[in-house]
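Below: the structure, in structure tokens.
The values are calculated or read from the model by the stated rules, or taken from the named source; none is laboratory data. This is a predicted model, so every value here is computed, not measured. Positions of Cβ are backbone-derived with ideal geometry, glycine not excepted, and every protein chain shown enters the neighbour counts.
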Amino acid sequence: MRIAMMDKRLKKGELLKTEILEPEFYGDNDYEKLIISWGSTCHPIKEAMQLKGQSKLGYLYFKQVYPLSEKIKEFWQKAKEVIVIENNATGQFEKLIRREFGLSANRHIRKYNGLPFSVEEICEHL
């Protein structure tokens, strides 16, 4: 019974891969810096990009953390610098990307005091 139930769960995981929510891209198509994030960081990042001007800045926003879209590779390879912005201390999303695709960000911006990022904080780090 245990093997049958495990096989059933594994099949569900494969089905999830066929229904991936693709990441959304914002910013300059000729970006040099690529920001990657998920969740509640989206709106402050988009607003910060508008304040800073989107020249040479792209943003890849993930609505879904797992499974990850293979499209991340195309965006990543095009960038001179990749910045992962996360609301946690250990860089969980960045670690997941590294585990799944072998990609490592040039730098990260993390906040873990329990508060969301402000637009001003994002601007300051960019």
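Screening the candidates LEU103, LEU60 for the property of being under 15 Å from TYR31 (Cα atoms), surrounded by 14 or more Cβ atoms within 10 Å (Cβ to Cβ), in contact with a helix residue (DSSP H, G or I) (Cβ under 6 Å, 6 or more places away or on another chain) and not aromatic (Phe, Trp, Tyr) yields one hit, LEU60. Between LYS80, LYS52, the distinction of being more than 26 Å from GLU19 (Cα to Cα), among the charged types (D, E, K, R), exposed (fewer than 15 other Cβ atoms within 10 Å of the Cβ) and modelled with pLDDT under 95 belongs to LYS52 only. Residues of the stretch 97-120 that are in contact with a Gly (Cβ under 7 Å, 6 or more places away or on another chain) and farther than 17 Å from LEU57 by Cβ: ARG110 alone. Residues of the stretch 70-122 that are closer than 22 Å to GLU47 by Cβ, assigned to a loop (DSSP other than H, G, I, E, B), touching a residue at least 24 places away in the same chain (Cβ under 8 Å) and of a type outside the set (A, V, I, L, M): ASN87, ASN88, LYS111, TYR112, PRO116, PHE117, SER118. Applying the condition of being among the hydrophobic types (A, V, I, L, M, F, W, C) and farther than 20 Å from LEU57 by Cα to the stretch 72-96 and asking which residue is nearest to the chain's Cα centre (by Cα) yields PHE93. The listed residues are GLU22, GLU14, GLU32, and the only one of them that is closer than 17 Å to LEU96 by Cβ and out of contact with any Cys (no Cβ under 9 Å at 6 or more places or on another chain) turns out to be GLU22.
The set of residues in the stretch 38-48 that are in a helix (DSSP H, G or I), surrounded by 12 or more Cβ atoms within 10 Å (Cβ to Cβ) and in contact (Cβ under 8 Å) with a residue 24 or more places away in the chain comprises GLY39, THR41, PRO44, ILE45, GLU47, ALA48.
Are any residues in the stretch 9-32 small (Gly, Ala, Ser) and modelled with pLDDT under 85, and if so, which ones? Correct list: GLY13 only. Against the criterion of being surrounded by fewer than 18 Cβ atoms within 10 Å (Cβ to Cβ) and more than 30 Å from GLY13 (Cβ to Cβ), ASN29 qualifies.
Just one of the listed residues (LEU34, LEU21) is within 23 Å of LYS111 (Cβ to Cβ) and of a type outside the set (Phe, Trp, Tyr), and it is LEU34. Of all the residues in the stretch 5-24, those that are outside any loop (DSSP other than H, G, I, E, B) and surrounded by 15 or more Cβ atoms within 10 Å (Cβ to Cβ) number 0. Is there a residue in the stretch 84-100 that is under 14 Å from LEU34 (Cβ atoms) and in contact with a Leu (Cβ under 8 Å, 6 or more places away or on another chain)? Yes: one or more hits.
With respect to the conditions (1) modelled with pLDDT of 90 or more; (2) part of a helix (DSSP H, G or I), ILE35 lacks only one, and its number is (2).
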